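Please read the structure below before turning to the comments.
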Amino acid sequence: MQSFYTEEQEEFRAVVREFAERELAPHYADWEKAHRMDRSMWTAAAEAGLLGLAIGEEHGGMGLSDYRFRAVIDEELARSGHHAVGLAFHLHDDWVLPHVLAEGTAEQKERWLPRMLSGEMVTSVAYTEPGAGSDLRAVRTKAVRDGDHYVLNGQKSFIGNGVTGDAALVLARTDGSKEARGGRNSFSLFIVEKQDHPGYTAGRQLVKMGLNASDTAELYFDDVRVPAANLIGAEGQGLDLVHKHLPQGRLAVAVGGLSTAKVVLEHTLRYVSERDVFGSRVLDFQNTRFELAEVSTRLEAAEAYVQQAIHRFNAGQLDLVDASRVKLHAGSTAQEVVDRCLQLHGGFGYGTETAVAQAYLAVRLLTIFGGTNEILKETIGRDIASQA
Ligand SMILES: Cc1cc2nc3c(=O)[nH]c(=O)nc-3n(C[C@H](O)[C@H](O)[C@H](O)COP(=O)(O)OP(=O)(O)OC[C@H]3O[C@@H](n4cnc5c(N)ncnc54)[C@H](O)[C@@H]3O)c2cc1C
């Protein structure tokens, strides 16, 4: 069978692996305790060529729009156990960047892409609010036009890279209405920079069950004057653009989950071959072999599905329904596989510092973030119903 990755992508893998050993392994435990990564990590990642992969040569990038390069990064960060770095990169490269690349004006690209590439401008996605997660039409942060600016007021919650980041892609209501929920054209997207826009502050950090090296925080916008030149797309287009770029975000979650589960299976195979119970290896129990047979089969099927989705994404054919399906499948499969593998570790698997427990805590997020499983089923179910 032909390898899924090209030679060039395998060479890139070696770069990512070396980066993880050199820049992440020595510091990661400290970052977990501090609940944030050092900013120097972003600079080092940029120097290694791991940020802004799809940014074109005209802005100093390599134009690596083939998603397999992003998948290689995920696989290597899962292998090295640096799951929180994987999430941080996802937000920057899979959620914010596509909006700037596809919707940005020439001036906006000139202003932001080189800084996103160099790690100087670390970005967050600021959609969720205390009263609006699955239901983005309930977003209350508002942006009111005032001359050549918009004035932003509101609060966001659960924002990754929220404390350490420099800029956020903010979804805000621009229709001026007092209705509790907006319509399709009631919202707009803005890039808001902390440094340039006083009144933009990070608040309380969420204490999470896993992925502790990633900072997840509340953001506040208090009379923040944002130039109209920071509007992404047209006023009122915000929700359409969120939906347009969701396929990449959802594919990213699927790839991250699959990568983690594959590594956990490898760890598990090693563990059960070394652990003796009742005078035989755990691997020698029929139950263990049956468990491994089932989880490895599920993973192979998920991998084929994810790889097909990557090919479709590269061809510009992965729509929102496809991406929702692949996230639904890969996210749930990864959770199940990691849970069953943890069981095979016995009490050792319950120690939070073990690789399997870290993975267990990381994959729990997969069916919540980027669209809960229930919302994914709504998207898929509505599509099916529309064809009936
Ligand atoms: C660690 C972490 C990091 C995050 N990072 C970011 C980030 O960087 N940027 C960002 O904007 N957001 C982020 N989020 C937010 C995340 O996307 C939301 O938590 C998610 O969309 C769900 O929204 P909610 O938490 O408000 O849950 P709710 O929408 O309140 O849902 C509660 C429950 O109700 C279910 N439900 C909701 N609607 C329906 C329905 N129509 N039918 C059936 N069931 C339904 C949900 O599936 C869920 O089970 C993050 C969250 C976490 C935990």
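What the table below lists for this structure:
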{"quantity": "Test: residue in segment 26-38 that is among the charged types (D, E, K, R), in contact with a strand residue (DSSP E or B) (Cβ under 9 Å, 6 or more places away or on another chain) and at pLDDT 95 or above", "calculated": "yes"}
{"quantity": "Condition check for Arg225: over 25 Å from Asn373 (Cβ atoms), away from the ligand (no atom under 16 Å from the Cβ), surrounded by fewer than 22 Cβ atoms within 10 Å (Cβ to Cβ) and touching a residue at least 24 places away in the same chain (Cβ under 8 Å)", "calculated": "yes"}
{"quantity": "Scan of segment 204-219 for residues that are near the ligand (Cβ under 9 Å from one of its atoms), among the aliphatic types (A, V, I, L, M) and either at positive phi or outside any loop (DSSP other than H, G, I, E, B) (or both), ordered by number", "calculated": "Leu211"}
{"quantity": "Segment 169-186, residues that are closer than 21 Å to Pro130 by Cβ, small (Gly, Ala, Ser) and either within 15 Å of the ligand (Cβ to nearest atom) or open to solvent by 20 Å² or more (accessible area, probe 1.4 Å) (or both)", "calculated": "Ala172, Ser177, Ala180"}
{"quantity": "Residue within segment 250-273 that is at negative phi, in contact with a Cys (Cβ under 7 Å, 6 or more places away or on another chain) and surrounded by 22 or more Cβ atoms within 10 Å (Cβ to Cβ) present", "calculated": "yes"}
{"quantity": "Subset of segment 18-41 (residues that are under 13 Å from Val163 (Cβ atoms) and either in a helix (DSSP H, G or I) or open to solvent by 20 Å² or more (accessible area, probe 1.4 Å) (or both))", "calculated": "Trp31, Ala34, His35, Arg36, Asp38, Arg39"}
{"quantity": "Tabulated pairs, segment 360-388, first under 18 Å from His243 (Cα atoms), second more than 9 Å from the ligand (Cβ to nearest atom) and of a type in the set (D, E, K, R), C-beta under 8 angstrom, 6+ apart or interchain", "calculated": "Gly370/Arg250; Gly370/Lys327; Gly371/Arg250; Gly371/Lys327; Leu376/Arg250; Leu376/Arg325; Leu376/Lys327; Ile380/Arg325"}
{"quantity": "Lone unmet requirement of (1) in the same structural domain as Leu50 (by TED's automatic domain parsing); (2) within 16 Å of the ligand (Cβ to nearest atom); (3) in contact with a helix residue (DSSP H, G or I) (Cβ under 7 Å, 6 or more places away or on another chain) for Val96", "calculated": "(3)"}
{"quantity": "Residue count, segment 231-244 (criterion: surrounded by fewer than 22 Cβ atoms within 10 Å (Cβ to Cβ) and either in contact with a Lys or Arg (Cβ under 7 Å, 6 or more places away or on another chain) or in a helix (DSSP H, G or I) (or both))", "calculated": "6"}
{"quantity": "Test for Asp166: is it of a type in the set (Asp, Glu), away from the ligand (no atom under 13 Å from the Cβ) and at pLDDT below 95", "calculated": "no"}
{"quantity": "Identity of the residue in segment 8-59, more than 19 Å from the chain's Cα centre (by Cα) and of a type in the set (Phe, Trp, Tyr), that ends up farthest from Val207 (Cα to Cα)", "calculated": "Phe12"}
{"quantity": "Test: residue in segment 187-203 that is touching a residue at least 60 places away in the same chain (Cβ under 8 Å), more than 15 Å from the ligand (Cβ to nearest atom) and of a type in the set (Ser, Thr, Tyr)", "calculated": "no"}
{"quantity": "Filtered residue count, segment 350-376, keeping only those that are more than 23 Å from Val326 (Cβ to Cβ) and not aliphatic (A, V, I, L, M)", "calculated": "6"}
{"quantity": "2 or more residues of a type in the set (Asp, Glu), surrounded by fewer than 20 Cβ atoms within 10 Å (Cβ to Cβ) and in contact (Cβ under 8 Å) with a residue 40 or more places away in the chain: qualifying helices (runs of 4 or more DSSP H) within segment 63-154", "calculated": "106-118"}
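Residue-wise test of (1) out of contact with any strand residue (DSSP E or B) (no Cβ under 9 Å at 6 or more places or on another chain); (2) closer than 23 Å to Asp240 by Cβ.
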residue: Asp74; (1), (2): yes, no
residue: Val85; (1), (2): yes, no
residue: Phe89; (1), (2): yes, no
residue: Asp94; (1), (2): yes, yes
residue: His99; (1), (2): no, yes
residue: Ala102; (1), (2): yes, yes
residue: Gln108; (1), (2): no, yes
residue: Met116; (1), (2): no, yes
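The values are calculated or read from the model by the stated rules, or taken from the named source; none is laboratory data. None of these values were measured; they are calculated from a predicted model. Note: ideal-geometry Cβ built from the backbone for every residue, glycine included; neighbour counts use all protein chains shown. Just so you know, the surface numbers come from the protein's heavy atoms only, side chains and all, with ligands and any DNA or RNA stripped out. Shrake-Rupley method; radii C 1.70, N 1.55, O 1.52, S 1.80 Å.
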